[in-house]
Amino acid sequence: MFRHCMLADMEIEEFEAYWESMVNECGVREVEWVKDLYTKKHAWATAYIRGRFFAGVRTTSRCESLHAKLGRFVESRYGVLEFVRNFQRCVDFLRDTEDELDFRSWYGTPVLQTEFVELEKSGWTMFTREMFLRYRDSLKRCVRVRICEFDDSDNPHAYTLQKYRRPEMNWKVYRDHISNRFSCSCMRMESFGIPCVHILSVCVRLDLVEIPESLVLRRWSKASKLEIHNQCGEQQTAEPSVTYRTRLGAFSQLCKRLGRVACMSDEDFKLYSNKLMSDALFLEIKYGLRPLTDNMTTANDCGLKDPIRVRTKGTARMSQAGGSAPKTKRKCSTCGKLGHRRTRCPNGGAQPSTRNKESLAGRNKRKRTKVTT
């Protein structure tokens, strides 16, 4: 129950009513610790800290999540070298996962689930995939509230909204028609960075076909990384090696993004492979990394070929004509023939060979001699 009071996204009136019912049910109204905790509700209750943006971070949850991912690659028994190698594997895993999420956000078309088709499509083009799912849930629930009052006598325009069959629950939405900015008394937009159901209800009332840019937080948009990639090449540092590594990392991420879409068809794969190879040869010649005579080398000439045959080291095998002794072939110890062993002899051990007969006779003779003596 206390967890619900702390984490649930509810109004202040709902929080107070729920708190009263909880302390009465548990019988802890007069406990000093509970009283002290209630006086600090502005520091831990979601209903009172609304309006402060934390990007979804609650206490150490993000740190523990990162530690769990790191624990899959790193163990306490590792040395420094093993730790660095496996830590780099963990970083590569996180980057690949992020690239996959970016790919899912940029490509594909979602199945529309609301009757507000234009607003839903606009949300898909602006938000990332995960934030779009949350935005669509709010868009579905915007039909649960209705606009009961509207005042356009002053700027900003004021809208009073009321929940269906709950007249005691109402909110105020303000819209600046000059800058097209929205604000709501619930302050969920300021808390989570996603437009609330009340603002979306006003957007539906205004027949908007796309979400205003003021309702799209930059960090939740698909274009949030474009400026970062563009600025990586512009940053200058005192160490040229640091600048080179920074540019190399940024360019590698761009090549990964290109590779994901260029490999979808054989035609695009061949086209962009030839382009990259020709550009790479041009830059290598430009910076003196390749002789000018290799300018006409094509992409087909740079493919994988069979290795060059070289003479192996060591003494070569001597042929039989050179005088080497032929290898002695093994014979069956039962019948004395070639091509099989004693265990696979067709005679089955019933007819021993002449050599075996002589050895058997010798053993019997020695036994008789011992008995006689």
Which net charge results for the neighbourhood of Val74, defined as the other residues with beta-carbon distances under 11 angstrom from its beta-carbon, given Lys and Arg at +1 and Asp and Glu at -1? +3
Over segment 117-223, consider all pairs of different Cα atoms and compute the Kirkwood hydrodynamic radius from their mean reciprocal separation; express it in Å, one decimal. 14.0 Å
P(r) for segment 148-285, please, calculated from all Cα pair distances in 10 Å bins and given in %. 9, 24, 20, 15, 16, 12, 4, 0
Output ³J(HN,Hα) for segment 212-218: one whole-Hz value per residue in order, computed from phi by the Karplus curve 6.51 cos²θ - 1.76 cosθ + 1.60 with θ = phi - 60°, and x for Gly and Pro. x, 4, 5, 9, 10, 5, 4
The answer for the net charge of residues other than His4 whose Cβ lies under 13 angstrom from its Cβ, with Lys and Arg +1 and Asp and Glu -1, is -2
Report the extension gain between His177 and Lys275 in nm, rounded to one decimal, defined as 0.36 nm multiplied by the number of residues separating them, less their alpha carbon distance. 30.4 nm
A 32 angstrom limit on the alpha carbon distance is what I want to check against. Which of Lys35/Lys140; Lys40/Lys69; Lys140/Lys256; Lys163/Lys225; Lys256/Lys286; Lys69/Lys163 exceed it? Lys35/Lys140; Lys40/Lys69; Lys140/Lys256; Lys163/Lys225; Lys69/Lys163
So, with +1 on the Cβ of K and R and -1 on the Cβ of D and E, and no other charges, what is the size of the charge dipole of segment 117-223 about its Cα centre, to the nearest 20 debye? 600 debye
Could you check the simple spin-label distance between Lys256 and His340, using points 7 Å along Cα→Cβ, in nm with one decimal? 6.4 nm
Interatomic Cα distance distribution for segment 1-135, bins of 10 angstrom, percent: 9, 22, 21, 24, 18, 5
Explain nothing, just the number: relative contact order of segment 1-49, from Cα pairs under 8 Å at least 6 residues apart, as a whole percent. 54 percent
On the formula 1/(1 + (r/R0)^6), with r taken between the Cβ atoms of Phe150 and Lys225 and R0 of 25 Å, the FRET efficiency rounded to 0.05 is 0.05
Read phi for every residue in segment 16-28 and hand back ³J(HN,Hα) as whole Hz from Karplus 6.51 cos²θ - 1.76 cosθ + 1.60, θ = phi - 60°, with x for Gly and Pro. 4, 5, 5, 5, 4, 5, 5, 5, 6, 5, 8, x, 10
If you split all Cα-Cα distances of segment 1-49 into 5 Å bins from zero, what percentages do you get per bin, shortest first? 4, 23, 35, 26, 11, 1
Whole-angstrom gap from segment 55-129 to segment 2-31, using each part's C-alpha centre: 34 Å
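Throughout, read-outs are computed from the coordinates displayed, never taken from laboratory work. These numbers come from a predicted model, not from an experiment. Note that we place each Cβ from the backbone using ideal geometry, even for glycine, and neighbour counts take in every protein chain shown.
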